[in-house]
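Before I ask anything, here is the structure I am working with.
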Amino acid sequence: MNYPTPNSIFKHPAVLLTLAFCCILASCKKEKQEYVHKKYNPEFVPTIDTDSVTMKISDSGRVKYKVVTKTMQIFDKAKDPHWLFPHALYLEQYDSAFHVNATIQADTAWNYTQRGLWRLKGHVVIKNVKGSIFKTEELFWDQNQRKVYTDKFIKITTPDRNLKGYGMDASQDLSTYQIRKPSGTMDMKEEAL
C-alpha cells in the first residue's frame, strides 16, 4: 500500500486549503468565559491601592494641600468611607498666595472623607508659619469645624518657649491653641520681673 509522504500532501493545493480552513475554524471557537464571584469586605479591602503618591488637593480651583506618601488606600465602599496612608504621610498646607502655611508629618493617617476628619497617629510633627513645632502621638484635624485637637501628650516649641501637657485644642492653622493640662518653661526677660 502506498501512503502519501508529508511532502506530497503539501504539494496539493486542495489539501493545503482544507488543512488551513480546519485550523481557522478551530481557532475561531467561541470560548466559554467563567467568572468567579468573590465576596469581599469593604471595611478591609481597599477599592484603590496606590504606591508612591504625590497629589495636590484644590478647592474652588486653588491648590490648598500637597500630599506625599508611599502608599494610599481608598476605602470608599466602607461604612465610614476613608483614605488610609499606612506608611507615613507628609502634607503641606498652602495659603492663597501658594506659600506653605504648615507642614504635617505622621507615621499613619486616615482621612474620613464624609466627616471631613483627619486622624494622624505616630510621631506626629506639625510646623506652622510662625515657626512653632507641635509634636504628639495622635492628632485629629476637623476640617468642618476648622480645628485641631488631641487628648495625648503634646510638646510645643516656639521661638520663645517650650510647652508640654496633655490635650490641646487649636485653630486649624495652629495660630491659636490651648493646652488642657499644661506644664513647661518660658524664657522671661529681666525687665519683665
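Nothing in this text is a laboratory measurement; each read-out follows from the coordinates by a stated rule. Because the structure is a prediction, the values reported are computed rather than measured. Cβ placement follows ideal geometry from the backbone for every residue including glycine, while neighbour counts extend to all protein chains displayed.
Over the range 48-192, what relative contact order in percent results from Cα pairs under 8 Å that are six or more residues apart?
So the answer I get is 12 percent.
Going by amide H atoms built from the backbone, whose H comes under 5 Å of the H on residue 161, apart from near neighbours?
none
Mind listing which trypsin sites (Lys or Arg not before Pro) in the range 72-125 are in a DSSP loop and have 11 or fewer other Cβ atoms within 10 Å?
79
Work out from phi, with θ = phi - 60° and the Karplus expression 6.51 cos²θ - 1.76 cosθ + 1.60, the ³J(HN,Hα) of each residue of the range 100-105, listed in order in whole Hz, and give x for Gly and Pro.
Residue by residue, the range 100-105 yields 6, 7, 7, 10, 10, 10 Hz.
How many percent of all Cα-Cα pairs in the range 48-192 sit more than 18 Å apart?
It works out to 59 percent of all Cα pairs.
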